[in-house]
Amino acid sequence: MGFRANTTEPGPAPVAAPLPAPDRGISPGRSPLVNRLAVLSVTMGIFSIVTTEILPIGLLTPIGSGFRVSEGVAGLMMTMPGIVAAIAAPVVTVTTGRLDRRLMLSVLMGLLAFADFLAAAAPAFWVMLLSRVLVGITIGGFWSIGAGLAPRLVPPGSASRATAVIFSAVPLGSVLGVPAGALIGELAGWRASFLVMGVLSVGVLIALRTLLPPLPAVQVTRLSALRGMLRERNVRVGLLATFLVVIAHFAAYTYVEPFLQQVTQVKVSLISTFLLVYGAAGVIGNFVAGWAITRGLRATWIGCTSLLAAATLLLPVLGGGRLTALGLLVVWGLAYGAVPVCSSTWFARSAPNAPEAATVLFTASFQATLSAGALVGGVIVDRTSTATVMTLSGSVAVLMVAMLWGTGGMVRPAR
């Protein structure tokens, strides 16, 4: 079933100008298995990117100690990629619009591998931040190009399923990247976590070059299309809702590792276990959201954000006990696992005729807000405490619920 925005609003501007490229679909000689593996390679690329981006969250204290910087300053490792990705998403998409997409994805994955190895060997904090800038470029470019490739990799009847597989990399990377990084850091040091991600990125690069068919450009995305989308009322509501919920989440979650150490007094050896439980809950939340949004997108988004607000508001009050803190992390994970699904679906339904522009806008808005949340959280943590940032984040999430509740049913399925 397709989706459309509120019909009282003007339609979106044209997404792109078509190019005279004959190859708009899959190569006829390719087997179904190779096509599925090609989809998997793009999925793994996005998984590597998302995992690398949020890796520092579970390693904030050891990295900060290693470079002798405060936890708030160490939070810049989360701020830098988001800022750069928000800029890179439209810029890379527009400036490379005529290049073969396989070539672009391969170059960007090679850049991610270099960034990971640079972080693993960083002799100073400024070098670490430089590596995070490279991560941001990769995020903005790879996401905007790769997220919409499924229809060119599989037959038309399998395109929706393949797209869902590619998008599953977002919650999987988001919720599993932090505990995995924390576990590796605990066993072998924080530099080993980045080294492992570098090796994984190289493997994905090889898979992309081997499994993807030539993908000559068939469209050129224009900045005017993105500006046209901003005139849509549904899009503006989605931007505001995404801003509030993502800033609430990342302002708090960026500093969950020091919170667990300082407030809950969890041993360092158990931090990865707590975060792994959170990650498992997030995966469940992602699948539950996929089912729930077919019955009500706005209600699902309000519901998951309400749970996120409850968890972050209660952690400073009840988070002193390990079991209660773990229980609230489970609630938090379930809630946030649904957020990227709700946000991306909102944009997609608001602009059903502009899928690439919707992806670019989702990527840019999500990444910009992620970086803002980490930055704001760092300022609050350095001046107050990790408990305070939890309380303020929960309050912002409550504001998002109130805003979205008041907008009414603005996105609905097409008949």
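The values are calculated or read from the model by the stated rules, or taken from the named source; none is laboratory data. Keep in mind that this is a model prediction, so the values were computed, not measured. Methodologically, a virtual Cβ is constructed for each residue, glycine included, from the backbone with ideal geometry; neighbour enumeration extends over all protein chains shown.
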When you look at residue 144, is it crowded, with 23+ Cβ neighbours inside 10 Å, modelled with pLDDT under 75, within 16 Å of the chain's Cα centre (by Cα) and of a type in the set (Ser, Thr, Tyr), yes or no? yes
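Yes or no, residue by residue, for (1) at pLDDT 80 or above; (2) part of a loop (DSSP other than H, G, I, E, B); (3) assigned by TED's automatic domain parsing to the domain that holds residue 149; (4) touching an Asp or Glu at 6+ places or on another chain (Cβ under 7 Å):
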position	(1), (2), (3), (4)
184	yes, no, yes, no
187	yes, no, yes, no
192	yes, no, yes, no
198	yes, no, yes, yes
202	yes, no, yes, no
209	yes, no, yes, no
216	no, yes, yes, yes
227	no, no, no, no
234	yes, no, no, yes
Considering every residue within the stretch 287-305, establish whether at least one is part of a helix (DSSP H, G or I), without any contact (Cβ under 8 Å) to a residue 24 or more places away in the chain and more than 23 Å from the chain's Cα centre (by Cα). no
Before we move on, is residue 82 in a helix (DSSP H, G or I) and closer than 21 Å to residue 268 by Cα? no
Looking only at the stretch 99-132, which residues are of a type in the set (Val, Ile, Thr) and under 14 Å from residue 203 (Cα atoms)? 107
Residue 154 being outside the structural domain of residue 388 (by TED's automatic domain parsing) and within 22 Å of the chain's Cα centre (by Cα): no
Out of all the residues in the stretch 238-278, which are assigned to a helix (DSSP H, G or I) and polar (S, T, N, Q)? 242, 261, 262, 269, 272, 273
Out of 103, 134, 118, 99, which single residue is surrounded by fewer than 24 Cβ atoms within 10 Å (Cβ to Cβ), in a loop (DSSP other than H, G, I, E, B) and not β-branched (Val, Ile, Thr)? 99
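Going by the conditions given, is residue 312 surrounded by 19 or more Cβ atoms within 10 Å (Cβ to Cβ), among the hydroxyl-bearing types (Ser, Thr, Tyr) and within 19 Å of the chain's Cα centre (by Cα)?
Considered against the rule, which asks whether it is surrounded by 19 or more Cβ atoms within 10 Å (Cβ to Cβ), among the hydroxyl-bearing types (Ser, Thr, Tyr) and within 19 Å of the chain's Cα centre (by Cα), residue 312 comes out as no.
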The one condition in (1) more than 28 Å from residue 351 (Cβ to Cβ); (2) among the β-branched types (Val, Ile, Thr); (3) at pLDDT below 80 that residue 94 fails to fulfil: (1)
